[in-house]
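Single-structure report; data block below.
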Amino acid sequence: MSEFYSIIQLLATLAIGFAILDYSEFIIGNLTKRFYHVYDLLEQTVKECQTVMPDNLSLNTLTSVAIGNGDTSGQIEMLKINYEKINREIQNFKNESYRQLERINKPRCLTSTSLFVFMAMVALLFVPSLKQQYGEVVILFLLSFSGLCIVYLVLGWFLGERENNKWPFRYESIKHPIICFTIICTVSAAFSIIALWQSLYIGELWKYLFVALIIVGWLNFVIYFFIIERTIRDFINFVMERRKSLLDECMSLMSECNKLMAIMDMANLVIKH
């Protein structure tokens, strides 16, 4: 077990960095800004929408002109209403996008599982010295402890952060890993006592689970970065789809404005003649 000591120490150091020192926010923030250029894409989308739609000056120059038995006042009023509506849509899209980006840049589930990995690795650091003193009971404890920790982390990969979660303890909550770690330690201690009393033979199984826990601890960071990378790609797809619909609405608005301006110019030309 001593050959894994430095690996466990390194993993514990890395985990506390992600849990406390905002390593994840720094790395993912740079990923979204400098690699995927998500913020540039978002600002460019908003700017394009505002460019292809009529401005306030154009709207204010529109005046009602007679057409047959009616006039264009109703169309102008509807154009202004739609203008305000699309402006709100663009602003809501921008605000919601920044909220999503903030959630992506601060992966709370990665933070909480990193805290759990840190606590688990610290516990493993005490195993060699405790094993020399208490022998079999520590091995039995380690068997249950490693298995339950692996289950906890793997479940986190599939459950992850879920919005509107009704459960009192969630993976993205910082209380969750502390409570679950305490429960796992308690259950493992009870298991070791009962298993020792029943003279349960486990052979070398505890060693495999011990190594598996270290591997899963490292994999936790890899898996979450794949999850975050997929989330960023989904966000980019969302922006591109919303961009298309907003641009269609803005261009339709501009087309309507141009039509009304052409009618107004034509009416003015008739009056002059």
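Nothing in this text is a laboratory measurement; each read-out follows from the coordinates by a stated rule. What you see is a predicted model, and the numbers here were worked out from it, not measured in a lab. Virtual Cβ from ideal backbone geometry, glycine too; neighbours counted across all protein chains shown.
Tabulated data for the structure shown
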{"read-out": "Exposure rule at most 13 other beta-carbon atoms within 10 Å, DSSP loop GluC sites (Glu not before Pro): the chain longest free segment", "value": "1-162"}
{"read-out": "Calculated log10 I(q)/I(0) by the Debye sum over Cα atoms at q = 0.07, 0.13, 0.15 Å⁻¹ (choose from [x] -0.46, -0.90, -1.06; [y] -0.61, -1.07, -1.16; [z] -0.37, -0.99, -1.21), label", "value": "[x]"}
{"read-out": "Helix 108-125 axis, angle to the chain major axis (alpha carbon atoms, nearest 10°)", "value": "10"}
{"read-out": "Within the chain, longest stretch clear of exposed trypsin sites (Lys or Arg not before Pro) (DSSP loop, no more than 16 other Cβ within 10 Å)", "value": "1-161"}
{"read-out": "Fewest-first sequence of Met266, Met254, Met53 by Cβ atoms within 10 Å of each Cβ", "value": "Met266, Met254, Met53"}
{"read-out": "Alpha-carbon centroid distance for the pair segment 125-157 / segment 39-105, whole angstrom", "value": "60"}
